[in-house]
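Below is one structure, written out as structure tokens, with a few remarks after it.
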Amino acid sequence: MTTPRDEPGDAAAVGLVREVDALRRERPAGAWSLLVRRFAATARTASPVRRGELWRVRGHVLRALGRAAEAIACYHRADGWYARAGEVRERGR
């Protein structure tokens, strides 16, 4: 799903979030491996709202792996990116 504010790198971010989200419930370690490999390059070209989505899914995967403190830090990072994007309804989710 794209929005009018999407930037050229956002398609990669949307795709990565979908792939990781599909894996995280059944194979969280596999989701983490995929995310670690592609996170930095994908986030670098993504818009602020998509960076928020990437950080949020990173938090979800870490939570599924039992790494709660790290997950919370990711959720805070996601909140910051949503704030930069002006996405008030996404903040605090």
In segment 16-34, anything part of a helix (DSSP H, G or I) and surrounded by fewer than 22 Cβ atoms within 10 Å (Cβ to Cβ) is listed as V17, R18, E19, D21, A22, L23, P28, A29, G30, W32, S33, L34
When segment 35-57 is checked residue by residue, the ones that are part of a helix (DSSP H, G or I), open to solvent by 50 Å² or more (accessible area, probe 1.4 Å) and either among the polar types (S, T, N, Q) or within 22 Å of E7 (Cβ to Cβ) (or both) are R37, R38, A40, A41, R44, R51
Considering segment 58-91, residues that are not in a helix (DSSP H, G or I) and not basic (K, R), and then whichever is most open to solvent (accessible area, probe 1.4 Å), we arrive at V88
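The values are calculated or read from the model by the stated rules, or taken from the named source; none is laboratory data. Predicted model, so just to flag it, every value in this text is computed and none were measured. Note: ideal-geometry Cβ built from the backbone for every residue, glycine included; neighbour counts use all protein chains shown. Each accessible area value is taken on the protein alone, full model and side chains, heavy atoms only, with ligands, DNA and RNA left out. Shrake-Rupley method; radii C 1.70, N 1.55, O 1.52, S 1.80 Å.
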